[in-house]
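See structure below.
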Ligand SMILES: Cc1ncc(C[n+]2csc(CCOP(=O)(O)OP(=O)(O)O)c2C)c(N)n1
Ligand SMILES: [Mg+2]
């Protein structure tokens with residue numbers, strides 16, 4: 001007999017044989033409430049059984065269940081349905097309980113829709129089996145354990161901040177953010193980092209209404225968590241109020257959850273609720289528990305079944321007779337079986353267009369309208385306005401031709417100065433914008449890019465974070481959800497990598513897994529690339545962008561010249577507000593303070609500032625053309641563009657007239673502009689300062705091939721190496737001499 005059937009039969013046998021005491025035992029909670037919770041627990045159990053059955057029939061696609069964890073119904077009961085919840089994957093009973101608190105929602109049906117991958121499933125629409133629903137304020141989570149911890153911390157930090165800034169949020173002022181985890185997940189550095197960050201924020205006296213729930217079944221798949229570890233690690237953490245309960249005893253869990261919720265709600269401080277649970281029916285349907293657990297251990301856990309526990313309480317308190325318990329249990333089985341037959345008939349998600357529609361919706365007209373707004377012209381949009389409109393395909397692009405179209409007075413500015421000034425304008429224009437990261441506030445950034453912003457806009461809008469990139473991005477994730485427009489900074493490209501999942505697994509997936517119902521707009525500024533003369537070593541000169549380029553929907557802007565930096569940054573901010581776009585603004589450190597291009601004092605790498613207005617916008621995925629030579633096209637960006645323009649000058653002296661294209665956007669690539677520039681000369685040299693493998697030139701050449709370009713094409717790139725110190729760096733980085741020689745070869749060769 002499978003463990004599934006054993007658990008089911010054990011329950012039936014135990015109840016059938018349950019003695020009814022002569023005198024009712026005290027229940028500890030109101031009978032009606034206990035029945036309500038029991039129904040959620042029983043419903044969740046039968047959903048688990050149905051999941052296994054559907055899987056066996058080839059009709060269902062997910063079997064990780066909640067059996068043994070059904071005490072989490074009491075956590076839902078202790079909270080309000082308007083408290084944002086980021087849930088562990090064993091939260092069936094929580095989900096059903098919360099669904100009961102909101103009229104018109106059939107939680108059991110929702111879960112079944114998820115199991116069968118129905119397109120009408122209310123949050124992910126068949127894209128994944130997750131617990132989530134906007135009306136229930138349950139934000140869907142990925143399968144990456146603990147990856148929601150930084151977002152939960154970020155949300156708990158951002159809700160009070162948004163209130164303080166007068167920015168409308170989808171949640172009430174006294175909301176509690178609840179985030180639940182398994183015991184093994186609590187060891188993940190993502191979780192420990194987020195707990196640490198929550199404690200540090202609270203230690204600084206800032207509100208952090210975060211309730212962390214650990215559902216401790218003592219196992220992470222097959223690996224036991226050392227007995228007592230969770231209590232040992234969390235019960236005496238200064239600043240973290242600890243509550244615990246036995247998950248088989250519903251009244252105890254409800255009481256502890258109530259105390260914990262009240263503590264967080266009133267004190268605005270983090271708390272930890274430790275629920276000791278069991279895991280029944282294995283990790284998932286495919287898990288053969290017998291391979292790593294003794295039959296005795298498995299059997300012992302059945303006796304601690306929380307559904308059985310609640311049934312016993314109800315019988316002992318004379319709320320239900322054993323027969324009534326069994327009736328209720330079997331009714332739930334039948335109801336869910338019937339619902340399951342219904343939902344398997346429903347249409348499934350199908351076709352690339354439907355599947356991908358919520359990935360990264362783009363409305364270029366709305367982006368343009370917002371990007372060209374002037375300071376003070378907006379208020380923070382309301383939640384409804386933000387969530388409102390339908391996704392639309394990206395409209396046509398335009399290539400901008402060289403020439404500075406300045407509308408504002410003032411001297412010529414460097415790249416760093418322009419970014420600084422633009423951030424200033426963005427903060428002035430959009431009251432929901434916040435700038436944060438390591439060293440960005442008081443110091444004004446390692447390179448001075450954010451200097452003065454804190455003074456102008458105050459510590460609530462421009463602030464330093466602790467030193468943890470997962471937290472930096474987690475604050476961004478939560479801030480975006482809360483209605484703010486986060487502009488976090490990651491100090492160097494090399495340091496994105498230790499936190500990349502927060503961008504890849506979290507930020508870039510939320511719209512997809514929620515069909516756009518939840519969004520986490522953000523503009524992540526990252527200083528990167530090589531060529532920092534005199535300041536060497538890999539970590540400050542990292543030029544690897546492969547980990548960013550393949551993230552679906554992520555926009556990567558990489559400006560080279562000051563004017564573009566301003567307009568592109570405005571565009572990203574507008575795209576965040578209009579479409580919830582997640583973007584990276586990759587800033588070439590070596591060009592931050594560069595003024596000259598060809599000769600000392602020529603000032604050709606400075607631009608007058610383009611203030612707010614019509615010119616202050618450049619469409620996502622539109623390239624910029626420099627010069628209009630017809631002998632060959634140099635395709636580049638960032639430092640590569642700078643070098644290409646210098647090389648073009650040298651080539652001109654040889655009678656070779658190059659066209660230089662700045663692709664500016666590493667994702668999406670400006671494919672139309674690229675093809676046009678390639679076809680104009682029939683000879684393309686891609687000048688790629690990133691790595692030869694996984695670098696951008698691979699994609700550029702693929703785009704040319706895909707677009708039907710039949711001319712010559714070659715590339716020069718940096719080596720597949722880390723970057724060494726000092727002048728040795730130049731041996732692995734692409735240099736002007738190499739570009740020059742390859743360009744000459746290409747123009748002089750036949751064909
Ligand atoms: C980052 C990450 N690593 C590995 C996995 C695979 N995995 C899924 S569940 C799980 C165990 C989690 O155990 P625990 O947190 O105790 O939750 P439980 O399943 O016991 O409720 C693992 C290792 C994952 N989902 N995410
Ligand atoms: Mg576990």
Q | Failed item in (1) within 16 Å of ligand 1 (Cβ to nearest atom); (2) under 20 Å from the mean Cα position of the chain (by Cα); (3) buried (at least 21 other Cβ atoms within 10 Å of the Cβ), with residue 213 passing the rest | A | (2)
Q) Is it fair to say residue 76 is outside any strand (DSSP E or B), at pLDDT 95 or above, within 24 Å of residue 219 (Cα to Cα) and away from ligand 1 (no atom under 16 Å from the Cβ)? A) yes
Q) Can we say residue 207 is more than 16 Å from ligand 1 (Cβ to nearest atom), assigned to a helix (DSSP H, G or I) and touching a helix residue (DSSP H, G or I) at 6+ places or on another chain (Cβ under 9 Å)? A) no
Q.
Test of understanding: among 322, 295, 306, which residue is more than 16 Å from ligand 2 (Cβ to nearest atom) and touching a residue at least 40 places away in the same chain (Cβ under 8 Å)?
A. 322
Q. Among the residues of segment 654-663, is there at least one that is crowded, with 21+ Cβ neighbours inside 10 Å and within 27 Å of the chain's Cα centre (by Cα)?
A. yes
Q. Across segment 266-283, which residue is farthest from ligand 2 (Cβ to nearest atom) among those that are more than 25 Å from residue 50 (Cα to Cα) and assigned to a loop (DSSP other than H, G, I, E, B)?
A. 268
Q: With a cut-off of at least 1 residues that are touching a helix residue (DSSP H, G or I) at 6+ places or on another chain (Cβ under 7 Å) and either more than 19 Å from residue 572 (Cα to Cα) or modelled with pLDDT under 95 (or both), name the helices (runs of 4 or more DSSP H) lying wholly within segment 420-537.
A: 453-457, 469-482
Q: Could you pull out every one of the strands (runs of 3 or more DSSP E) wholly within segment 553-629 that has 2 or more residues that are within 21 Å of the chain's Cα centre (by Cα)?
A: 555-557, 582-588
**Q.** Residue count for segment 188-218, restricted to those that are in contact with a strand residue (DSSP E or B) (Cβ under 8 Å, 6 or more places away or on another chain) and within 16 Å of ligand 2 (Cβ to nearest atom)
**A.** 8
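In segment 48-62, how many residues are in a loop (DSSP other than H, G, I, E, B) and in contact (Cβ under 8 Å) with a residue 12 or more places away in the chain?
Total meeting the criteria: 4.
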Q.
Looking at segment 151-187 only, could you name the residues that are assigned to a helix (DSSP H, G or I), crowded, with 23+ Cβ neighbours inside 10 Å and within 16 Å of ligand 2 (Cβ to nearest atom)?
A. 186
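Return yes when residue 244 is within 28 Å of residue 498 (Cα to Cα), within 16 Å of ligand 2 (Cβ to nearest atom), buried (at least 19 other Cβ atoms within 10 Å of the Cβ) and within 31 Å of the chain's Cα centre (by Cα) and no when it is not. Can you show your working first?
On the way: within 28 Å of residue 498 (Cα to Cα): no; within 16 Å of ligand 2 (Cβ to nearest atom): yes; buried (at least 19 other Cβ atoms within 10 Å of the Cβ): yes; within 31 Å of the chain's Cα centre (by Cα): yes.
Spelling it out, it is not the case that residue 244 is within 28 Å of residue 498 (Cα to Cα), within 16 Å of ligand 2 (Cβ to nearest atom), buried (at least 19 other Cβ atoms within 10 Å of the Cβ) and within 31 Å of the chain's Cα centre (by Cα).
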Q. Within segment 672-692, how many residues turn out to be closer than 24 Å to residue 588 by Cβ and either in a strand (DSSP E or B) or touching a residue at least 40 places away in the same chain (Cβ under 8 Å) (or both)?
A. 12
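Looking only at segment 77-93, count every residue that is closer than 22 Å to residue 518 by Cα and either within 16 Å of ligand 2 (Cβ to nearest atom) or out of contact with any strand residue (DSSP E or B) (no Cβ under 8 Å at 6 or more places or on another chain) (or both) and tell me the total.
Within segment 77-93, residues that are closer than 22 Å to residue 518 by Cα and either within 16 Å of ligand 2 (Cβ to nearest atom) or out of contact with any strand residue (DSSP E or B) (no Cβ under 8 Å at 6 or more places or on another chain) (or both) number 9.
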Q) So, of the residues in segment 221-232 that are closer than 11 Å to residue 183 by Cα and touching a residue at least 40 places away in the same chain (Cβ under 8 Å), which turns out to be nearest to ligand 2 (Cβ to nearest atom)? A) 225
Q: Could you tell me which of the residues 289, 341 is surrounded by fewer than 22 Cβ atoms within 10 Å (Cβ to Cβ), free of Cβ contacts under 8 Å to residues at least 12 places away in the same chain and out of contact with any strand residue (DSSP E or B) (no Cβ under 6 Å at 6 or more places or on another chain)?
A: 341
Q) When you scan segment 100-140, how many residues do you find that are without any contact (Cβ under 8 Å) to a residue 60 or more places away in the chain and over 20 Å from residue 50 (Cα atoms)? A) 9
**Q.** Residue check, residue 498 over 19 Å from residue 638 (Cβ atoms) and free of Cβ contacts under 8 Å to residues at least 60 places away in the same chain
**A.** yes
**Q.** Residues that are closer than 21 Å to residue 45 by Cα and assigned to a loop (DSSP other than H, G, I, E, B), drawn from segment 284-301
**A.** 284, 285, 286, 287, 288
Q) Out of (1) at pLDDT 95 or above; (2) surrounded by fewer than 17 Cβ atoms within 10 Å (Cβ to Cβ), the odd one out for residue 312 is which? A) (2)
Q.
Restricting to segment 219-236, and then to whatever is part of a helix (DSSP H, G or I) and touching a strand residue (DSSP E or B) at 6+ places or on another chain (Cβ under 8 Å), can you tell me which residue is nearest to ligand 1 (Cβ to nearest atom)?
A. 230
Q: May I ask you to verify whether residue 245 is touching a strand residue (DSSP E or B) at 6+ places or on another chain (Cβ under 6 Å), more than 16 Å from ligand 1 (Cβ to nearest atom) and not in a strand (DSSP E or B)?
A: no
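Would you point out which residue out of 261, 257, 271 is away from ligand 1 (no atom under 16 Å from the Cβ), in contact (Cβ under 8 Å) with a residue 60 or more places away in the chain and under 28 Å from residue 298 (Cα atoms)? Show your work before the answer.
Details: 261 fails: under 28 Å from residue 298 (Cα atoms); 271 fails: under 28 Å from residue 298 (Cα atoms).
Step by step, each of 261, 257, 271 is checked, and only 257 is away from ligand 1 (no atom under 16 Å from the Cβ), in contact (Cβ under 8 Å) with a residue 60 or more places away in the chain and under 28 Å from residue 298 (Cα atoms).
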Q: Write out, first by first residue and then by second, each pair whose Cβ atoms fall under 8 Å of each other, whose residues are 6+ apart or on separate chains, and whose first residue, in segment 446-475, is free of Cβ contacts under 8 Å to residues at least 24 places away in the same chain while the second is not in a loop (DSSP other than H, G, I, E, B).
A: 454/462; 454/463
Q) In this structure, does residue 262 turn out to be more than 16 Å from ligand 2 (Cβ to nearest atom) and touching a strand residue (DSSP E or B) at 6+ places or on another chain (Cβ under 9 Å)? A) no
Q. Does residue 577 count as in contact with a strand residue (DSSP E or B) (Cβ under 9 Å, 6 or more places away or on another chain) and surrounded by 24 or more Cβ atoms within 10 Å (Cβ to Cβ)?
A. yes
Q. So residue 122 fits all but one of (1) touching a helix residue (DSSP H, G or I) at 6+ places or on another chain (Cβ under 8 Å); (2) within 16 Å of ligand 1 (Cβ to nearest atom); (3) part of a loop (DSSP other than H, G, I, E, B); what number is the exception?
A. (2)
Q) Just to be sure, is residue 712 touching a helix residue (DSSP H, G or I) at 6+ places or on another chain (Cβ under 6 Å) and either under 20 Å from residue 552 (Cα atoms) or at pLDDT 95 or above (or both)? A) no
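The values are calculated or read from the model by the stated rules, or taken from the named source; none is laboratory data. Because the structure is a prediction, the values reported are computed rather than measured. Reconstructed Cβ throughout: ideal geometry from the backbone, glycine too, with neighbour counts over all protein chains shown.
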